[in-house]
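The values are calculated or read from the model by the stated rules, or taken from the named source; none is laboratory data. The model shown is predicted, which means the values in this text are computed figures rather than measured ones. Reconstructed Cβ throughout: ideal geometry from the backbone, glycine too, with neighbour counts over all protein chains shown. These accessible areas exclude ligands, DNA and RNA; they are computed on the full protein's heavy atoms, side chains included. Shrake-Rupley method; radii C 1.70, N 1.55, O 1.52, S 1.80 Å.
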Amino acid sequence: QPIHNYYLILAAEYGIPALILFIFYFMLLIKQAVKNEKNQLSLGLGLGAILAFAVLMLFDHYFYTIQQSVGLFWLFSALLL
């Protein structure tokens with residue numbers, strides 16, 4: 001089994017520059033969600049979902065090994081952009 005931290009997997013396989021780009025992508029998602037949302041409920045749900053993904057990536061490798069998790073992450077990130 002891979003290590004249970006997606007960020008470490010990303011840094012080990014693709015390098016530190018890829019990890020930095022991925023973190024900047026998360027910051028872009030949060031910035032876009034705050035800028036584009038007019039209604040507070042959808043803003044809270046969108047930010048809650050993306051922050052939940054960020055925390056889950058710290059503790060498990062679901063976003064590396066399970067195809068449905070990867071698809072769900074990219075679906076939510078596309079909706080926020």
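Summary table
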quantity: Rounded percent of accessible protein surface that carbon and sulfur make up, the chain, 1.4 Å probe; calculated: 72 percent
quantity: Where labels lie 7 Å past Cα in the beta-carbon direction, separation of Leu43 and Phe26 in nm; calculated: 2.2 nm
quantity: Theoretical FRET efficiency, 1/(1+(r/R0)^6), r = Cβ-Cβ of Val55 and Lys35, R0 22 Å, to 0.05; calculated: 0.45
quantity: Residue-normalised accessible area of the chain, expressed per residue, 1.4 Å probe, Å²; calculated: 67 Å²
quantity: Modelled FRET efficiency - R0 22 Å, Leu79 with Tyr7, Cβ distances, 0.05 increments; calculated: 0.45
quantity: Acute angle (nearest 10 degrees) that the helix 16-36 long axis makes with the longest principal axis of the chain, alpha-carbon atoms; calculated: 10 degrees
quantity: Cα shape, the chain, gyration tensor, a/c 1.5 rule; calculated: prolate
